[in-house]
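Notes follow once the structure below has been shown.
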Amino acid sequence: EDQVTQSPEALRLQEGESSSLNCSYTVSGLRGLFWYRQDPGKGPEFLFTLYSAGEEKEKERLKATLTKKESFLHITAPKPEDSATYLCAVRTHGSSNTGKLIFGQGTTLQVKP
Amino acid sequence: NAGVTQTPKFRVLKTGQSMTLLCAQDMNHEYMYWYRQDPGMGLRLIHYSVGEGTTAKGEVPDGYNVSRLKKQNFLLGLESAAPSQTSVYFCASSYRTTGGWTEAFFGQGTRLTVV
């Protein structure tokens, strides 16, 4: 069964304190790993797509990396405005004709000034 | 530049009542999805559609029905609401090109409470 697990569930950081969020996956053929940001009361907002092991993408203070078993979202020198829930999702070979995504439970990040 | 729009944003239902959630997208996407989000459970797929006139069951379809009569609209219906259907509902859309799939674009959500 395809599965996505995110850790930790919650993370509190001081402003400027770098850290990483983890997304582990067990799937039958990865066709894309997605990172989304979700603010309270809003819908998920797309951040990155990664397709193959070794791939990296960056956007401001965020950097996403991918291995054959997991992805990391590295947050460098975070600011309070980075506080949000970060969602990881995968698209698998089994959903190649439908585009369905399988989501992890999310990591809620709080950055204190 | 609306993207994916969900109506309504909030709703309170009594057990046994029915309602329809509307999702509209203006990006001409073929594929549309309904998810529900519950604390600690992540987003779970209820139903999806791969094109106008087609629908299929997702991971948690029981108690819901859907229709895709027009390409831009995807409706989610609750025939007899139950407290277990209290959740936040998200609609999403995506499309596929010769190069592969795009990311999914999400609406702002509908918060439904069933009392």
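The values are calculated or read from the model by the stated rules, or taken from the named source; none is laboratory data. Remember, it's a predicted structure, so these values are computed and weren't measured experimentally. Positions of Cβ are backbone-derived with ideal geometry, glycine not excepted, and every protein chain shown enters the neighbour counts. These accessible areas exclude ligands, DNA and RNA; they are computed on the full protein's heavy atoms, side chains included. Shrake-Rupley method; radii C 1.70, N 1.55, O 1.52, S 1.80 Å.
Are there any GluC sites (Glu not before Pro) in region A:30-113 that are in a DSSP loop and have at most 12 other Cβ atoms within 10 Å? List them by number.
Within region A:30-113, the qualifying GluC sites (Glu not before Pro) (loop, at most 12 other Cβ atoms within 10 Å) are A:Glu60.
Relative to a virtual label point 7 Å from the Cα of B:Ala2 in the Cα→beta-carbon direction, which members of region B:63-86 show backbone nitrogen distances below 16 Å?
B:69-76
Which loop trypsin sites (Lys or Arg not before Pro) in region B:45-115, with loop taken from DSSP, have no more than 13 other Cβ atoms within 10 angstrom of their Cβ?
Filter output for region B:45-115: B:Lys70.
Mind listing P(r) for the protein assembly as shown? All alpha-carbon pairs, 10 Å bins, whole percents.
8, 33, 35, 20, 4, 0
In region A:71-100, what residues drop by 50 Å² or more of accessible area when the other protein chains are put back, versus the chain on its own? Use 1.4 Å, and skip ligands and nucleic acids.
Residues passing the criterion (a loss of at least 50 Å², heavy atoms only) are A:Arg91, A:Thr98, A:Lys100.
Over all directions, what mean area does the Cα convex hull of region A:1-54 project, stated in square nanometres?
5.3
List the residues of region A:64-96 whose backbone N lies under 15 Å from a point placed 7 Å from the Cα of A:Thr108 along the Cα-to-Cβ direction.
A:83-87
How big is chain B along each principal axis, measuring the range of its Cα positions in Å and listing the largest first?
46, 30, 28
For B:Val88 and B:Lys70, calculate 0.36 nm times their separation in residues minus their Cα-Cα distance, and state this gained length in nm to one decimal.
4.1 nm
Before we go on, tell me the buried accessible area for the B/A pair, both chains summed, 1.4 Å probe, in Å² to the nearest 100.
Summed over both sides, the interface buries about 1600 Å².
So for each of A:10-23, B:77-90 I average, over its residues, the number of other beta carbons within 10 Å; can you give me the resulting order with the highest mean first?
B:77-90, A:10-23
Relative contact order for chain B using alpha-carbon pairs under 8 Å, separation at least 6, rounded to a whole percent?
35
Could you tell me, in Å, what Rg and Dmax come out for the Cα atoms of chain A?
In order Rg, Dmax, the Cα atoms of chain A give 13.7, 45 Å.
What FRET efficiency comes out for B:Asn28 versus A:Glu55 if R0 is 25 angstrom and r is the Cβ-Cβ distance? Round to the nearest 0.05.
Computed FRET efficiency for B:Asn28 and A:Glu55: 0.30.
Where does each of A:His74, B:His47 land when they are ordered by accessible area, with a 1.4 Å probe and the largest first?
The ranking, largest first, comes out as A:His74, B:His47.
Looking at the protein assembly as shown, how many pairs of lysines come closer than 15 Å at the Cα, when each pair is eight or more places apart or spans two chains?
Final tally of qualifying lysine pairs is 5.
For chain A, calculate the relative contact order in percent as a whole number, restricting contacts to Cα pairs under 8 Å that are 6 or more residues apart.
37
Excluding ligands, DNA and RNA, what is the solvent-accessible area per residue of region B:8-69 at a probe of 1.4 Å, expressed in Å²?
51
Determine the shielding of peptide A:35-47 by partner chains: average, over its residues, the number of Cβ atoms on other chains within 10 angstrom of each Cβ.
Taking the mean over all residues of the peptide, I get 4.
For region B:40-73, list whatever residues lose no less than 50 Å² of accessible surface once every protein chain is in place, relative to that chain by itself, with the probe at 1.4 Å.
In region B:40-73, residues shielded by partner chains: B:Leu43.
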